[in-house]
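Asker: Before anything else, here's the structure in question.
The values are calculated or read from the model by the stated rules, or taken from the named source; none is laboratory data. Fair warning: this is a prediction, and the values are worked out from it, not measured in the lab. Here the Cβ positions follow ideal geometry from the backbone for every residue, glycine too, while neighbour counts run over all protein chains shown. Just the protein is used for accessible areas: all its heavy atoms, side chains included, with ligands, DNA and RNA removed. Shrake-Rupley method; radii C 1.70, N 1.55, O 1.52, S 1.80 Å.
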Amino acid sequence: MMPTARPRASEATPPHALPPRAPSRWIDADITSRQITDDVMRPLVTRPTAGWFACLGAALAALSLGIGMVAYEVTTGIGVWGLNRSVGWAFDITNFVFWVGIGHAGTLISAILLLLRQQWRTSISRAAEAMTIFAVMCAAMFPLIHMGRPWLAFWVMPYPNGRGPLWVNFRSPLLWDVFAINTYLTISLLFWYLGMIPDFGTLRDRTPGGFRRLAYSLLSLGWNGSARTWSRYETATTILAGLATPLVISVHTIVSMDFATSVVPGWHATLFPPYFVAGAVFSGFGMVLTLLIVTRSTMRLERYITVEHFDAMAKILLLTGSIVGFSYATEFFSAWYGGNVYERYTFVNRMTGPYAWCFWTMVGCNVIAPQTLWARRVRRSVPALLVLSVLVNVGMWFERFVIIVTSLHRGYLPSTWVMYKPTIVEVGTLVGSFGLFFTCFLLFIRILPMIAMWEVKAVAGHSAGAAHD
């Protein structure tokens, strides 16, 4: 039961934080409820540092480059890309699958680890959820610009229209992507906002009158921190987590169907759904690590994002990286054991062909580098984890590139063999997607609380009545 006397909603913690218990190993034992609130609110009320402005400037420059490249491509046509008669998919679908995969860690941390009551998720869940939203936004951009006429994107939605027999093809995996991504984005937005409602109540009570207080009051939906409110809130959160959990598996499974339902050598494999899901979680955790390591030091959040959190995330990286490596080996074994000469040649071409450097970069980043995480010293070394997290995302981007391009540039007939080289427009669009992602994330950490205050207080064992005012 929650105490009936409570100082204010801003110091509230959920009922499962009571009764008092031993301090959590995830949070410093001597930290108080007031300190948690002050530390998390500090970036929202203080002037941004020069480093933050420098990062934002770089992100805006990349975003501006991307906007210019996309505008040029739309006005000129996708002929400005390096696509040809054999390689009809390349940078566009590579970037789409890459960004969808990045968003998977947010849902895993938010939903699955919440249902499993894993306390180490509390300090990192908010940033992971935000990362999911921004990554899905970046992913949705590429199918739109690949259409050539993005202003007609609404045609893919099944709604009553006057276009006669023209209708969407519900048997197309590409259409499945539309529904999967929109469902994923909707659930992720709801989960993200729902998790911030108690913190909006905190910000409302701590912010003096004005526009900011009015905004927080509206966003908090009348949050009062009562026992009944907490009970209903936790019920809603658990239900939404249960609904979101299948998305971790279903969304990237649908993306894998874009390839697995074809007859292109190197693609039509029943292994693709679990292979893609494991790879998505792998790349997503890599990006979460990169973001948290940088923001932890620049925003002085070492007491909340600790080495213990990095150690737990590194173990997830090791597990999913090992699954990805096993999937690579399974692909090669299936091609050899199946006896299909075209399938065998596709994988031999990946290893020894003109794109072999891409393949071995992929193997080095995704298979070899993560094996260093068996060592506890590496898992708890922040610089080593930063390097590894960047390598993971480099390797996972090359994985998607290798799967797509090496399976297309040499088909059944030697007369169709052709090399693919990205143009400056494609590279600029990729840079622009990173600019969009980091611009959104940098604005997020200055406008909204990056750490879930109420969850951290619960893990720290503070009761609602034990506020240190």
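Asker: On average, how much area does the Cα convex hull of the chain cover when viewed from any direction, in nm²?
Answerer: On the way: hull surface 99.7 nm².
Projected area, direction-averaged: 24.9 nm².
Asker: Next question, about the same structure. Quick one: grab Rg to one decimal and Dmax as a whole number for the stretch 32-190, Cα atoms only, in Å.
Answerer: Considering the stretch 32-190 through its Cα atoms, Rg and Dmax are 20.2, 65 Å.
Asker: Lys/Arg Cβ at +1, Asp/Glu Cβ at -1, dipole of the chain taken about the Cα centre: which of ASN349, TRP230, SER334 is farthest positive-ward?
Answerer: Most positive-ward Cα: TRP230.
Asker: Hey, if we sort ILE249, ILE93 by accessible area with the 1.4 Å probe, largest down, what's the order? Write out the running numbers ahead of the final one.
Answerer: Numbers: ILE249 110, ILE93 15 Å².
Descending order: ILE249, ILE93.
Asker: P(r) for the stretch 324-464: what percent of alpha-carbon pairs falls in each 5 Å bin, starting at zero?
Answerer: That works out to 2, 8, 11, 14, 14, 14, 12, 9, 6, 5, 3, 2, 1, 0, 0, in percent per bin.
Asker: For the stretch 233-333, take N as its residue count and report Rg(C-alpha) divided by 2.2 N^0.38 Å. Walk me through the numbers on the way to the answer.
Answerer: Working: Rg = 17.3 Å, N = 101, 2.2 N^0.38 = 12.7 Å.
Against the compact-globule rule of thumb, the ratio is 1.36.
Asker: May I pose another question? Mind putting a number on the dipole of the chain about its Cα centre? Charges go on the C-beta only, +1 for Lys and Arg and -1 for Asp and Glu, and I need it in Debye to the nearest 20.
Answerer: On the way: 35 positive and 22 negative charges, 120 e Å.
That gives the chain a dipole magnitude of about 580 debye.
Asker: Hey, another quick one. If you take the square roots of the eigenvalues of the alpha-carbon gyration tensor of the stretch 249-390 and sort them as a ≥ b ≥ c, do you get rounded (a/c under 1.5), prolate (a/b over b/c) or oblate?
Answerer: Working: a/c = 2.77, a/b = 2.11, b/c = 1.31.
Prolate shape, in that a/c is at least 1.5 and a/b is the bigger ratio.
Asker: Going through the DSSP H helices of the chain, which span 15 Å or more along their own axis at the Cα atoms while scoring at least 0.0 as a mean Kyte-Doolittle hydropathy? Before the final figure, lay out each step's value.
Answerer: On the way: long enough: 33-45 (18 Å, -0.31); 50-76 (39 Å, 1.42); 91-102 (16 Å, 1.40); 125-146 (32 Å, 1.24); 173-206 (49 Å, 0.65); 227-260 (50 Å, 0.62); 272-298 (39 Å, 1.31); 307-338 (45 Å, 0.72); 341-352 (16 Å, -0.57); 382-408 (39 Å, 1.85); 424-447 (34 Å, 1.93).
What comes out of the filter, once short or polar helices are dropped, is 50-76, 91-102, 125-146, 173-206, 227-260, 272-298, 307-338, 382-408, 424-447.
Asker: What distance in nm separates the two pseudo spin-label positions at ALA356 and GLU234, each 7 Å out from Cα along the beta-carbon direction?
Answerer: 5.9
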